[in-house]
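J.: For reference, the structure I am asking about is given below.
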Amino acid sequence: MMLEAKNVDFYYGNYHALKDINMQVEANTVTAFIGPSGCGKSTFLRLFNRMNDLIDNTRLTGECLIEGRNIYDKAVQVDQLRKEVGMVFQKPNPFPKSIFENVAYGLRVNGVTNGTVEETVERSLRQAALWDEVKDKLKKSAFELSGGQQQRLCIARALAISPKVLLMDEPASALDPISTAKVEDLIYELKKEYTIVIVTHNMQQATRVSDKTGFFMLGELVEYTDTKKMFLNPEKEATQNYITGRFG
Ligand code: ADP
């Protein structure tokens, strides 16, 4: 088991954003989170690299585990955790640096030396299916790339530090259809090496890329099951209503 949530409740001030979430995610799978806007998908995703720690006046109870270890344990170093858990956001957010230095960034911060940096940058760009498009302009600014290329660059940057888990918060929702297809193909390829969790508002995307799907509503995990089953034969009426477009 790569990721696990046990009786997770989360509050923004008095607002009860996640209610008794229990979930297990196996290694080398893709899990999609779906549900109406504001139901807690991103909040739950962000618990796994402790991004919510940055928000004041929040409270978590229960446990979030990675490979059996509670990542909110006092002994856990957040820097170390974020090396194991990469994150890709909705809007591509390259740094104002060259293509090469964007991918090399995490390595440099961690004191990796030059020879390995070049190898790792190339490997990461290849894994992100971007190498062929950028190999002749690695020194150019990342901002010269298209939106879809920038997003794959951000994926390469996340992969360069060899995480175990990749969290993706609507990674394709700001992209055109061709770039979206590239990112989706990539997600499928990447699960050979990584465990991927993706928030998506696009149900077709969930069916295309994921092995399991979790349906959230009003802070609860209503249903969590194999993606095929979720979309063909869900257990809960609320899931059925949502996937058939009756609300959300
Ligand atoms: P989703 O990803 O499903 O759209 P979110 O996890 O972003 O939902 O949000 C869940 C709920 O928590 C929403 O009601 C949202 O308004 C609230 N929320 C999210 N982020 C914050 C924040 N930083 N401060 C206060 N409330 C927040």
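J.: Would you please name the residue that is farthest from the ligand (Cβ to nearest atom), looking only at residues in region 214-242 that are hydroxyl-bearing (Ser, Thr, Tyr) and in contact (Cβ under 8 Å) with a residue 40 or more places away in the chain? Before you say what the answer is, go through the steps one by one.
T.: Step one: of region 214-242, the residues hydroxyl-bearing (Ser, Thr, Tyr) are 224-225, 227, 239, 242.
Checking which are in contact (Cβ under 8 Å) with a residue 40 or more places away in the chain leaves us with 224, 227, 242.
Numbers: TYR224: 15, THR227: 18, TYR242: 12 Å.
By that ranking, first place goes to THR227.
Here's the yes/no breakdown for (1) under 17 Å from LYS91 (Cβ atoms); (2) of a type in the set (S, T, N, Q); (3) touching a Phe, Trp or Tyr at 6+ places or on another chain (Cβ under 8 Å):
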| site | (1), (2), (3) |
| --- | --- |
| ASP136 | no, no, no |
| ALA142 | yes, no, yes |
| ASP169 | yes, no, yes |
| ILE198 | yes, no, yes |
| GLN204 | no, yes, no |
| GLU220 | no, no, no |
| GLU223 | no, no, yes |
| THR227 | no, yes, no |
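J.: Spot the failing condition for PRO36; the list is (1) under 20 Å from LYS83 (Cα atoms); (2) within 8 Å of the ligand (Cβ to nearest atom), and only one is missed.
T.: Evaluating PRO36 over (1) under 20 Å from LYS83 (Cα atoms); (2) within 8 Å of the ligand (Cβ to nearest atom) leaves (1) as the failure.
J.: Let me ask something additional. If you go through region 95-104 one residue at a time, do you hit one that is among the small types (Gly, Ala, Ser), buried (at least 16 other Cβ atoms within 10 Å of the Cβ), more than 14 Å from the ligand (Cβ to nearest atom) and not in a strand (DSSP E or B)? First the steps, then the outcome.
T.: Applying the first criterion (among the small types (Gly, Ala, Ser)) to region 95-104 yields 98, 104.
Subsequent filtering for residues that are buried (at least 16 other Cβ atoms within 10 Å of the Cβ) retains 98, 104.
Applying the additional criterion that residues be more than 14 Å from the ligand (Cβ to nearest atom) yields 98, 104.
Narrowing further to those that are not in a strand (DSSP E or B): 104.
Among the residues of region 95-104, at least one is among the small types (Gly, Ala, Ser), buried (at least 16 other Cβ atoms within 10 Å of the Cβ), more than 14 Å from the ligand (Cβ to nearest atom) and not in a strand (DSSP E or B), which makes the answer yes.
J.: I would also like to ask the following. Kindly indicate whether GLU26 is among the charged types (D, E, K, R), more than 10 Å from the ligand (Cβ to nearest atom) and under 25 Å from PHE215 (Cβ atoms). Before the answer, list the steps.
T.: Details: among the charged types (D, E, K, R): yes; more than 10 Å from the ligand (Cβ to nearest atom): yes; under 25 Å from PHE215 (Cβ atoms): yes.
Considered against the rule, which asks whether it is among the charged types (D, E, K, R), more than 10 Å from the ligand (Cβ to nearest atom) and under 25 Å from PHE215 (Cβ atoms), GLU26 comes out as yes.
J.: Follow-up. Can you tell me how many residues within region 24-39 are surrounded by fewer than 18 Cβ atoms within 10 Å (Cβ to Cβ), in contact (Cβ under 8 Å) with a residue 24 or more places away in the chain and more than 15 Å from GLY219 (Cα to Cα)?
T.: So the count comes out to 4.
J.: If a residue counts only when it is in contact with a strand residue (DSSP E or B) (Cβ under 8 Å, 6 or more places away or on another chain) and more than 27 Å from ALA206 (Cβ to Cβ), which strands (runs of 3 or more DSSP E) contained entirely in region 7-88 have at least 1 such residues?
T.: Strands (runs of 3 or more DSSP E) meeting the threshold: 58-66.
J.: What pairs come out if I take residues in region 40-55 that are over 14 Å from GLN90 (Cα atoms) and pair them with residues that are in a helix (DSSP H, G or I) and within 6 Å of the ligand (Cβ to nearest atom) whose C-beta lies under 8 Å away, six or more apart or interchain?
T.: Correct list of pairs: ASN52/THR43.
Each reported figure results from applying straightforward, stated rules to the coordinates on display, with no laboratory input. The structure displayed is predicted, hence computed values, not measured ones. Heads up, the Cβs are rebuilt from the backbone with ideal geometry, glycines too, and the neighbour counts pull from every protein chain shown.
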